[in-house]
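Heads up: the structure comes next, in structure tokens.
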Amino acid sequence: MGKRQFKAESKRLLDLMINSIYTNKEIFLRELISNASDAIDKVYYRALTDENISFNPGNYFIKVTPDKEKRTLTVSDSGIGMTKEELEDNLGVIARSGSLAFKKETELTDGYDIIGQFGVGFYSAFMVADTVTVISKALGSEEVFKWESKGPEGYTIDACEKESVGTDIIIKIKENSEEENYDQFLDEYRLRSLIKKYSDFIRYPIKMDFKSSRLKVGSEDEYEDYVEERTINSMVPIWRKNKNELTPEDYENFYVEKRFGFDKPIKYIHISVAGAVSYNAILFIPEKTPFDYYTREYEKGLELYSNGVLIMNKCPELLPDYFSFVKGTIDSEDLSLNISREMLQHDRQLKIIAKNLKTKIKNELQSLMSNEREKYETFYNSFGKQLKYGVYENFGSDKDVLQDLLLFYSSTEEKPVTLDEYISRMPEEQKFIYYAAGETNERIAKMPQTELIADKGYEILYFTDDVDEFAIKMLMNYKDKEFKSVSGGDLGIDEEKEEAVEDKAENQDLFTYMKDLLKDKVKDVRASKRLKSHPVCLSNEGEISIEMEKILNTMPMDQDIKADKVLEINTKHQIFESLKDAYENNKEKLSLYTSLLYNQALLIEGLPVEDPVEFTNNMCELMK
Ligand code: ADP
């Protein structure tokens, strides 16, 4: 059969693997063993739904065999195997090639980054191998195929022979080079220590042959060589072990081995509960946002075992959506083994566990916030948005769980703060929690609408995520303090009201005239009480803010949502004198000024001016 080409992405990655400067080449073994373990899991899953297949755990194993003469290392498994098509599909392209497209060429030059970000699995074999051969017989198939590749030039697939179902990965180990000792990957004792280090908790036995000699039976001085097959890994799941026996490295290795992520978890939580419902769980809070986290492809869930037997890879019922970033494994004796997906949703035990976990996760996050603020902020940068979606999506029903976990950037502290911290700093006369929404902190800081509140020395929370304002509308208040937007109609400051009444009568005719010029673009034109030095700004009346209008209109819904905008004029600004003068003497000029001011206010809001050509012509008109 002819040579086949790798898909472009895979070829690039392979190139990088082969020429990798990644020093930690030994992890290739962990990757191959994890794949083998996954392949055995797949037989187990198949057996759950196919009554022709029985799964007897005793029959499944992984075997690692070095051959110093041939310079080969073979990793065999009795797992599900691959058909010809699967060999082609799984090994001819990178499983996660979609994710690789996210990365720019320049970012791909560092081998570490690739492994860190995407865990390229199978391809890591090319860090230590000249040739990789995969011989596989798929479950339920009589045919056997051999996939072989020497690197990026391509690969071949041919018919082959193999007795039992499963896969042999045979890698031809590179010759030693000046920088790297490759012989170590053919040494039994070195391999054994690598298996212990990375794959000790793999549930299936990882076997190796060790040559030994023993006294011949019946003889007193004659020895014979024999081969002894030993299981290297302890197979005792980490969650059954005593916390005191485990080191942070053990948890981190478990996280990597389970492929929960390729980052280093920010926190691990080991839970052992004995009571009405007993279970052991190890949960992780990842550090980095998975590349697909905020997409539909991302699946939440915990790995679920019943008394040591795997039931489900990702049981979504165990986690609320807002904690969907949590990874981990849970094992309970109290769950029925042959529980189906549908039954799980109604399982009482499972519901109790889910409720416990929710509280536990919340408490752990809260203690992280109190005790290791920097780490919490790292976490929040990755997953804070999800917590805010949580506030929004549940119509505020889980706000008690979530509101104390929120952080917002503070205008006065110049760093993220909690709502509780905000409240604790509020002067006695301040009645509301003030916020301003915009694209970035820098832009918000310059918003004219913030002037009065900032001038009074009040703290303003900056909302830069799309979801922020929506979430806060659901929350409504925090510890009896209402939230108020600095761009909203009423700022809730007493002196503001008195002055406003006074101004209204005096300039009402001018404002009404301007409002008529702007037609239905604005709901009203008013004297501003929130402006100090800026001439003009927009505010809004009603529930929909200008920021919300922007966000809602980027969504794929066919509706034109508009905030009720109010054009606010600073009557203490010089510009106001010009307006008054134009109103008395030159209505054409007033029309020009009104249009310019309105468009300026749009620009300040980050909204597009409606007619840029007209706007620039008007500017020129001024210069004449
Ligand atoms: P990942 O395991 O992260 O999906 P890999 O590149 O390591 O990515 O492997 C690609 C795919 O090849 C796997 O998803 C699996 O379908 C298949 N595969 C790899 N090794 C084996 C094996 N030993 N037995 C069966 N299938 C395998």
(message) Considering only segment 209-231, I want to know if a residue exists there that is in contact with an Asp or Glu (Cβ under 8 Å, 6 or more places away or on another chain), aromatic (F, W, Y) and in the same structural domain as F61 (by TED's automatic domain parsing).
(response) yes
(request) Working only within segment 444-471, note down all residues that are of a type in the set (A, V, I, L, M, F, W, C) and touching a residue at least 40 places away in the same chain (Cβ under 8 Å). (result) M447, L452, I453, A454, I460, L461, F463, V467, F470, A471
(request) Filter segment 378-421 for residues that are hydroxyl-bearing (S, T, Y), at pLDDT 95 or above and part of a loop (DSSP other than H, G, I, E, B) and give the result. (result) S411, T412, T418
(message) Looking for something among the basic types (K, R), free of Cβ contacts under 8 Å to residues at least 40 places away in the same chain and assigned to a helix (DSSP H, G or I) - is there at least one such residue anywhere in segment 422-439?
(response) yes
(message) Of everything in segment 413-436, what is among the hydroxyl-bearing types (S, T, Y) and surrounded by 13 or more Cβ atoms within 10 Å (Cβ to Cβ)? Give them in sequence order.
(response) T418, Y422, Y434, Y435
(request) Any chance you could count how many residues in segment 134-162 are surrounded by 14 or more Cβ atoms within 10 Å (Cβ to Cβ) and either aromatic (F, W, Y) or assigned to a strand (DSSP E or B) (or both)? (result) 16
(request) Find all pairs meeting these conditions: Cβ atoms under 8 angstrom apart; at least six residues apart or on different chains; first residue within segment 256-277 and under 14 Å from E303 (Cβ atoms) and aromatic (F, W, Y); second residue at pLDDT 85 or above and crowded, with 19+ Cβ neighbours inside 10 Å. (result) F260/F284; F260/P286; F260/K327; F260/G328
(message) Please verify whether E303 is in contact with a Gly (Cβ under 9 Å, 6 or more places away or on another chain), under 23 Å from K358 (Cβ atoms) and either surrounded by fewer than 20 Cβ atoms within 10 Å (Cβ to Cβ) or basic (K, R) (or both), treating the condition exactly as stated.
(response) no
(request) Scan segment 33-79 residue by residue and report those that are among the β-branched types (V, I, T) and out of contact with any strand residue (DSSP E or B) (no Cβ under 8 Å at 6 or more places or on another chain). (result) V43, T49, I53
(request) Please work out which one of (1) in contact with a strand residue (DSSP E or B) (Cβ under 7 Å, 6 or more places away or on another chain); (2) in a helix (DSSP H, G or I) is the condition D331 fails and give its number. (result) (2)
(request) Select from segment 241-295 the residues that are among the polar types (S, T, N, Q) and outside any strand (DSSP E or B) and list them in ascending order. (result) N242, N244, T247, N253, S278, T289, T295
(message) Can you list residue pairs whose Cβ atoms sit under 6 Å apart, with the first residue in segment 167-196 being closer than 16 Å to I27 by Cα and the second being aromatic (F, W, Y) and away from the ligand (no atom under 16 Å from the Cβ)? Count only pairs 6 or more apart in sequence or on different chains.
(response) I173/Y182; I173/F185; K174/Y182
(message) Contact list please: Cβ distance under 8 Å, first residue in segment 237-248 and surrounded by 10 or more Cβ atoms within 10 Å (Cβ to Cβ), second residue aliphatic (A, V, I, L, M) and in a loop (DSSP other than H, G, I, E, B), pairs at least six apart or on different chains.
(response) I238/L246
(request) Quick one: count up the residues across segment 168-225 that are more than 16 Å from the ligand (Cβ to nearest atom), under 20 Å from K63 (Cβ atoms) and part of a loop (DSSP other than H, G, I, E, B). (result) 3
(message) Just the residues that are aromatic (F, W, Y) and farther than 29 Å from I551 by Cβ, please, taken from segment 567-624.
(response) F576, Y583, Y593
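The values are calculated or read from the model by the stated rules, or taken from the named source; none is laboratory data. As the structure is a computational prediction, the values presented were derived from the model and not from experiment. Every residue, glycine among them, receives a Cβ derived from its backbone with ideal geometry; neighbour counts consider all protein chains shown.
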